[in-house]
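Asker: Before I ask anything, let me first share the structure, which is written out below as structure tokens.
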Amino acid sequence: MKKKRDLPAIGWREWLSLPELGIVAVKAKIDTGARSSAIHAFDLQTFFAEGKLMVRFKVHPYQRDSHTTVTSEAEVLEEREVRNSGGHAELRLTIVTLLMIGGSEWPIELTLTNRDLMGFRMLLGRQAVRDRFLVDPGKSYLVSSNLSPTRKKHA
């Protein structure tokens, strides 16, 4: 029988950063019902660089703020069919990028999609948090409570 590991807890929503994409802070919904993670991305443009398929895209990292825009580039891992919460299938570009949250960092797979109508700009799915955190669905910001005044205005 395996010993139970003591995993830190995170809330159902947390602030995190994606430094390789130039995203200092984005509020994410932690959704263990979703397999994959997704970020709100628009103006996607694919291109080749050094023989690799790349994507350039824009992100509005803050809820209710369509002025703050980050332009990012990443290598495309694959194009994947993902079913949204309504059961509709969508082909999405998938990238791998570094996630930083609560003093920890690791690479995650991230799908790019239009989340303009969704409450959160990012969804952190169960693959990204598996074996790293326990999720407390009754709490928020357990590992990201030290928000700067800039971030707090977007909370």
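Asker: Taking strands (runs of 3 or more DSSP E) that do not extend beyond the stretch 1-99, which have at least 2 residues that are under 21 Å from Val135 (Cα atoms) and under 17 Å from the mean Cα position of the chain (by Cα)?
Answerer: Values: elements: 9-11, 13-18, 23-31, 37-40, 42-49, 52-59, 70-83.
Per the criteria, 9-11, 13-18, 23-31, 37-40.
Asker: Across the stretch 100-134, what is the total count of residues that are aromatic (Phe, Trp, Tyr) and assigned to a helix (DSSP H, G or I)? Step through it out loud before you land on a result.
Answerer: First, the residues of the stretch 100-134 that are aromatic (Phe, Trp, Tyr): 106, 120, 133.
Subsequent filtering for residues that are assigned to a helix (DSSP H, G or I) retains none.
Of the residues in the stretch 100-134, 0 are aromatic (Phe, Trp, Tyr) and assigned to a helix (DSSP H, G or I).
Asker: Being surrounded by 15 or more Cβ atoms within 10 Å (Cβ to Cβ) and out of contact with any helix residue (DSSP H, G or I) (no Cβ under 9 Å at 6 or more places or on another chain) is the filter here, so list the residues in the stretch 14-26 that pass it.
Answerer: Answer for the stretch 14-26, where residues must be surrounded by 15 or more Cβ atoms within 10 Å (Cβ to Cβ) and out of contact with any helix residue (DSSP H, G or I) (no Cβ under 9 Å at 6 or more places or on another chain): Glu14, Leu16, Ser17, Leu18, Glu20, Leu21, Ile23, Val26.
Here's the yes/no breakdown for (1) of a type outside the set (D, E, K, R); (2) surrounded by 19 or more Cβ atoms within 10 Å (Cβ to Cβ):
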| position | (1), (2) |
| --- | --- |
| Trp12 | yes, no |
| Ala28 | yes, yes |
| Asp31 | no, yes |
| Ser36 | yes, yes |
| His40 | yes, yes |
| Arg80 | no, no |
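Asker: Considering only the stretch 35-84, how many residues are more than 23 Å from Val24 (Cα to Cα), without any contact (Cβ under 8 Å) to a residue 40 or more places away in the chain and not basic (Lys, Arg)?
Answerer: Number satisfying all stated conditions: 10.
Each reported figure results from applying straightforward, stated rules to the coordinates on display, with no laboratory input. Computed from a predicted structure; not experimentally measured. Cβ: placed from backbone, ideal geometry, glycine included. Neighbour counts: every protein chain shown.
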